[in-house]
1. For a quick check of understanding: with a 1.4 angstrom probe and all protein chains in place, what accessible area in square angstrom does B:THR11 have, to the nearest ten?
2. Work out which residues of the range A:27-47 lose at minimum 20 square angstrom of accessible surface when the other protein chains are put back, relative to the chain isolated, with a 1.4 angstrom probe, and list them by number.
3. Taking each label point as 7 Å beyond Cα in the direction of the beta carbon, state the distances from A:SER128 to the same residue in the other copies, shortest first, in nm.
4. Return one whole number: the accessible area per residue of the range A:56-131 in Å², for a 1.4 Å probe.
5. Which whole DSSP H helices in chain A pass both tests: a Cα extent of 27 Å or more along the axis and a mean Kyte-Doolittle value no lower than 1.6?
6. Can you give the accessible area of A:SER71 in Å² (nearest 10), computed on protein heavy atoms with a 1.4 Å probe?
7. List every residue whose amide H lies under 5 Å from the amide H of B:TYR97, counting only residues 5 or more places away in sequence or on a different chain, with H placed 1.01 Å from N in the peptide plane.
8. How much of the pair distance distribution for the protein assembly as shown lies past 28 Å, counting alpha-carbon pairs only, in percent?
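The values are calculated or read from the model by the stated rules, or taken from the named source; none is laboratory data. Values in this document were obtained by computation on a predicted structure and should not be read as measured data. Every residue, glycine among them, receives a Cβ derived from its backbone with ideal geometry; neighbour counts consider all protein chains shown. Surface areas here come from the heavy atoms of the whole protein model, side chains and all, with no ligands, DNA or RNA. Shrake-Rupley method; radii C 1.70, N 1.55, O 1.52, S 1.80 Å.
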There are 2 protein chains.
Amino acid sequence: MNQDAEDVDGTDEDAVQQAREEVIQALERSAEVYGLNQSYGRLYGILFFENEPLSLDGLVEESGYAKSTVSTAMQKMNRLHLVHRRSVPGEGKKVFYEAETDFWHVIQKFLQHEVRREIDVMTRALDSAAERLEDADGEQADAYLERVESLRTMYDRSERLLGILTSSSIERLTGLLDRLQRD
Amino acid sequence: MNQDAEDVDGTDEDAVQQAREEVIQALERSAEVYGLNQSYGRLYGILFFENEPLSLDGLVEESGYAKSTVSTAMQKMNRLHLVHRRSVPGEGKKVFYEAETDFWHVIQKFLQHEVRREIDVMTRALDSAAERLEDADGEQADAYLERVESLRTMYDRSERLLGILTSSSIERLTGLLDRLQRD
DNA sequence: CATCATATTCGGTGTATTCCGAATGTTCTG
DNA sequence: CAGAACATTCGGAATACACCGAATATGATG
């Protein structure tokens with residue numbers, strides 16, 4: 001195929017955008033695996049391929065979603081630490097977003113916020129339930145107490161594990177786990 | 001407070017059921033944290049406090065949900081390895097369920113099915129995109145390729161980590177991580 | 001402090017999900 | 001193989017959610 005420079009550029013441009021779209025679609029699917037909306041995957045993907053922070057209007061333009069949709073989606077992704085808000089000097093109050101590319105960091109934040117809270121709530125419930133059951137008599141009470149305590153033990157372990165996971169870099173962890181595997 | 005045996009029994013029974021209900025409600029909340037429906041938390045909780053496998057009708061009776069609701073919920077929880085189906089000898093084809101109490105096992109199964117598939121799909125997309133981008137020219141193509149490769153690197157690391165996590169018992173992992181922390 | 005640019009929130013609409021009761025399958029048993 | 005005892009699937013109603021466009025709030029700037 002002989003094509004002049006102009007034609008080649010056009011073809012390449014298509015291929016480049018197709019490659020980008022392919023990855024973005026995979027990200028849409030991944031988002032759903034982890035219980036997030038498809039649209040989050042796309043918005044994240046758009047940011048991922050951008051080399052500078054992108055404004056809300058930029059995201060609206062590239063995604064085709066309404067501004068209100070993008071605004072709320074970015075708020076939620078920001079809470080999940082999947083994206084960061086940045087202010088750009090000289091651009092007034094305009095907000096810019098960039099993608100967090102370190103997924104381990106995202107997971108750590110999820111662990112130390114959502115999971116931590118879940119563990120706290122459950123732990124309080126288990127303590128309270130155990131107290132009631134200790135005061136009560138009967139085999140039912142004993143049987144329930146045993147279960148509650150075993151769950152309590154499990155949550156205690158989880159809590160310790162959580163502490164370790166949220167305070168170690170991924171390099172340290174993978175290094176350690178590699179050693180583990182070789183044992 | 002002087003109460004005779006009858007009264008004390010009644011009060012204890014109340015307290016015992018209240019303790020159980022308290023934990024079940026915490027489980028309902030936990031289910032929602034991890035993107036599952038409240039009803040799953042309750043059904044799981046009912047099983048958790050049962051000392052023998054419980055039939056579908058038993059779950060219907062204890063939960064108050066319709067049988068169809070319980071049936072589909074249990075199928076889904078079974079897929080997630082949160083509960084197990086058991087057949088009880090002499091009970092014909094009746095299905096019985098019991099709760100899986102080892103949460104690490106549940107997580108491992110999730111990793112080796114859902115996450116593994118997610119990684120595979122993404123990896124294929126990244127390979128295909130990289131191929132297209134290598135064939136193309138221009139700074140856009142170069143910039144995109146760099147991002148695609150970095151994501152690819154991240155997924156490669158995740159894949160190795162996944163292999164380690166899905167093949168180690170929680171005891172081994174916590175033991176190792178405890179050592180890590182002391183370093 | 002008024003105006004402009006921008007982000008957020010609100011109310012409505014269409015779509016997906018949850019749950020129900022009824023209908024249908026499926027498997028064991030006489 | 002007929003019927004009983006189940007589980008599963010189906011269709012529909014109520015509810016929750018995503019998305020939109022319009023209205024409102026917030027912050028920057030002259």
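1. Roll a 1.4 Å probe over it and B:THR11 shows about 70 Å².
2. SASA drop of 20 Å² or more in the range A:27-47: A:LEU27, A:ARG29, A:SER30, A:VAL33, A:TYR34.
3. Ordered by distance, the counterparts are at 5.1 nm.
4. Per residue, the range A:56-131 has 55 Å² of solvent-accessible surface.
5. In chain A, no H run is both long and hydrophobic enough.
6. 40
7. B:LEU54, B:SER55, B:ARG86
8. Pairs farther apart than 28 Å: 58 percent.
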